[in-house]
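Written out below as structure tokens is the structure these notes cover.
The values are calculated or read from the model by the stated rules, or taken from the named source; none is laboratory data. Because the structure is a prediction, the values reported are computed rather than measured. Cβ: placed from backbone, ideal geometry, glycine included. Neighbour counts: every protein chain shown. Please note that ligands, DNA and RNA were not included when accessible areas were found on the heavy atoms of the full protein model with its side chains. Shrake-Rupley method; radii C 1.70, N 1.55, O 1.52, S 1.80 Å.
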Amino acid sequence: MSEREAVLMVAKQTRVRKKKNRIRKAMPYLLVGPLVIWILLTVFLPLSSVIRESFYSTGFVGTQGDFVGFENYMNVFGSAAYWGAWQKSLLWVVGNMVVQTILAFSVALLLNNNRKISQMARTWMIIPWVIPTIVVAIFWQWILNGSYGVLNDVLLSLNIIGEPLNLLGDSTWSLFVIIFINSWHWFPFLAVILLAGLSGIPKELYEASAMDGANKWQEFWKITLPSLQHTTFALGLVGTLWMFNIFDLIHSLTEGGPAGTTTTVPVLIYQEAFESYNLGNASAMSVVTALFLIMFAVLFVRFAAPKD
């Protein structure tokens with residue numbers, strides 16, 4: 001091989017190597033690119049539209065209102081209905097967290113300690129979770145109906161109550177009832193996540209603690225909970241944001257009633273936009289709510305994230 005041919009071969013190999021390096025560097029962007037475009041179209045584009053509408057006095061969807069500046073935001077911060085809806089939302093979130101955590105931990109610990117029924121129970125346990133929300137709302141309305149509901153029929157036949165109960169129409173019990181229904185719908189998802197975390201805890205830790213004389217309660221607080229801190233942190237953050245934004249089940253069961261006792265923030269925003277036809281005010285509510293949730297997420301990560 002002549003010197004010229006050797007130089008040309010080296011130059012060709014260099015070009016090929018540079019091309020491969022460029023492709024290798026561009027590959028992550030090519031793979032992530034479609035997802036980024038999808039997020040821009042489905043999240044940031046609608047979000048920018050909501051922010052824009054919050055500065056206008058838009059009534060109906062598709063119409064153009066007048067520019068009003070921060071007037072909608074001033075209306076939101078001065079709205080008793082908005083802060084009342086926040087109270088309902090906080091009670092809704094805390095209630096769901098307490099009920100779902102108790103149910104999910106109880107079921108996960110039971111299945112983790114009983115391998116014989118674990119596989120079968122896992123299959124049946126997730127049925128409430130996979131049922132569509134509208135179906136859940138329909139059959140719970142049928143169960144709890146004050147006129148022909150199954151629950152009233154059973155309680156009356158057993159002489160436990162003297163007259164039918166209308167739990168979804170009772171301002172005292174309606175919010176707590178839909179908290180129970182939503183927890184029944186979602187706790188299997190949490191239980192499966194916790195069960196996966198429990199299966200990853202080394203059995204040697206429990207064996208060593210048993211040799212040291214620890215009881216089940218001490219094992220739970222000293223071994224189980226610390227070992228699940230990453231799982232519980234993720235569920236706490238995502239679950240809280242998820243629960244706060246639930247709209248479909250509440251609206252399907254009570255539409256925010258009776259007398260506004262189940263009107264959480266998402267339900268109020270819907271009513272403001274599509275029933276009161278005040279899209280500008282509803283957009284301002286959405287933006288303010290999003291900012292509060294972002295602040296919560298930042299603080300939660302800052303103070304509740306596992307330290308290790």
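Can you sort 203, 20, 25 by 1.4 Å-probe accessible area, starting with the largest?
In descending accessible area the options line up as 25, 20, 203.
If I compute volume of the Cα convex hull per residue in Å³ from the structure I just sent, which labelled value in (i) 122; (ii) 279; (iii) 149 lines up?
Correct label, based on the coordinates given: (ii).
By accessible area of protein heavy atoms, probe 1.4 Å, what ranking do 82, 277 get, highest first?
277, 82
With labels modelled as points extended 7 Å from the Cα through the Cβ direction, what inter-label distance (nm, one decimal) is found for residue 49 paired with residue 302?
Going from the residue 49 label point to the residue 302 one covers 3.4 nm.
Keeping every protein chain in place, order 269, 23 by accessible area at 1.4 Å, biggest value first, i.e. largest first.
23, 269
Rolling a 1.4 angstrom probe over the protein heavy atoms, how many square angstrom per residue are accessible across the chain?
About 62 Å² of surface per residue is accessible.
Along the Cα→Cβ direction, 7 angstrom out, place labels at residue 122 and residue 16. What is the inter-label distance in nm?
The modelled label-to-label distance comes out at 4.8 nm.
Report, by chain and number, residues whose modeled amide H sits under 5 Å from the one on residue 278, excluding near sequence neighbours (fewer than 5 apart, same chain).
273
Estimate the FRET efficiency between residue 227 and residue 60 by the formula 1/(1 + (r/R0)^6), using the beta-carbon distance for r and 41 Å for R0, to the nearest 0.05.
Taking R0 as 41 Å, the efficiency between residue 227 and residue 60 is 0.15.
Would you pull out the residues with amide H under 5 Å of residue 56's amide H, same chain only if 5 or more places away, H placed 1.01 Å from N?
Under 5 Å from the amide H of residue 56 lie the amide H atoms of 68, each far enough along the sequence or on another chain.
Under a 5 Å amide H to amide H cut-off, with H placed in plane at 1.01 Å, what residues pair with residue 257 once short-range neighbours are removed?
Those qualifying (amide H under 5 Å, at least 5 residues apart or on another chain) are 262.
Give me the percent of accessible area attributable to carbon and sulfur for the chain, probe 1.4 angstrom.
69 percent
Determine ³J(HN,Hα), in whole Hz, for all residues of region 188-203 in sequence, where each value follows from phi through the Karplus function 6.51 cos²θ - 1.76 cosθ + 1.60 and θ = phi - 60°; x replaces Gly and Pro.
So the J values, rounded to whole Hz, are x, 4, 5, 5, 5, 4, 5, 5, 5, x, 5, 5, x, 7, x, 5.
Have a look at 132, 202, 164 and tell me which one the Gaussian network model of the chain (Cα, springs below 10 Å) gives the largest fluctuation.
The residue that fluctuates most here is 202.
With the crude spin-label approximation of a point 7 Å out along Cα→Cβ, what separation in nm comes out for residue 27 versus residue 129?
My value for the distance between the label points is 3.4 nm.
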